[in-house]
Amino acid sequence: MSDKFFFKGRQDARQHHTAYGGFKTNASQKSGSKKHPLTLVVTSEARQQEIEAQVAEAGLHANITLDTREGAVESITELTALQNKAATVTTTKAPSRNDPCSCGSGLKFKKCCG
């Protein structure tokens, strides 16, 4: 018999979506959450209390470690990066030619101020 009457399924094997751990394989992790807390290093107890207050004010979660060794370096860059995040810039739309004029004359923009 000929094998053209028997369906054998898809001939080219394609990779299954679960091969790499499921959907959303490139999902980003929100730093500062309970699941992914910030990792901060401070050099004094007073500074640790200041940083804890800043973290609580921002509503974040952080693991703050105290390093009192000689020549220790403070590392709070993750916190400052989240606090200094730039706001979204929005611009106002310029009026098109057939929109009513913004001066209040009731004319079209092209006949009044444009």
Residue match in segment 66-75 (condition: of a type outside the set (Asp, Glu) and within 19 Å of residue 29 (Cα to Cα)): no
Residue satisfying all of: in segment 36-50; more than 26 Å from the chain's Cα centre (by Cα) and hydroxyl-bearing (Ser, Thr, Tyr); surrounded by the most Cβ atoms within 10 Å (Cβ to Cβ) among these: 43
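Condition check ((1) in a helix (DSSP H, G or I); (2) open to solvent by less than 70 Å² (accessible area, probe 1.4 Å); (3) under 30 Å from residue 42 (Cβ atoms)) across all residues:
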| residue | (1), (2), (3) |
| --- | --- |
| 72 | no, yes, yes |
| 81 | yes, yes, yes |
| 89 | no, no, no |
| 95 | no, yes, no |
| 102 | no, no, no |
| 110 | no, no, no |
First in segment 67-80 and of a type in the set (D, E, K, R), second anywhere and open to solvent by 70 Å² or more (accessible area, probe 1.4 Å), Cβ under 7 Å, 6 or more apart: 78/39
Residue that is most open to solvent (accessible area, probe 1.4 Å) [pool: residues in segment 51-70 that are among the polar types (S, T, N, Q) and outside any strand (DSSP E or B)]: 68
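The values are calculated or read from the model by the stated rules, or taken from the named source; none is laboratory data. Everything numeric in this text was worked out from a predicted model, so none of it was measured. Neighbour counts run over all protein chains shown; Cβ positions are idealised from the backbone, glycine included. Please note that ligands, DNA and RNA were not included when accessible areas were found on the heavy atoms of the full protein model with its side chains. Shrake-Rupley method; radii C 1.70, N 1.55, O 1.52, S 1.80 Å.
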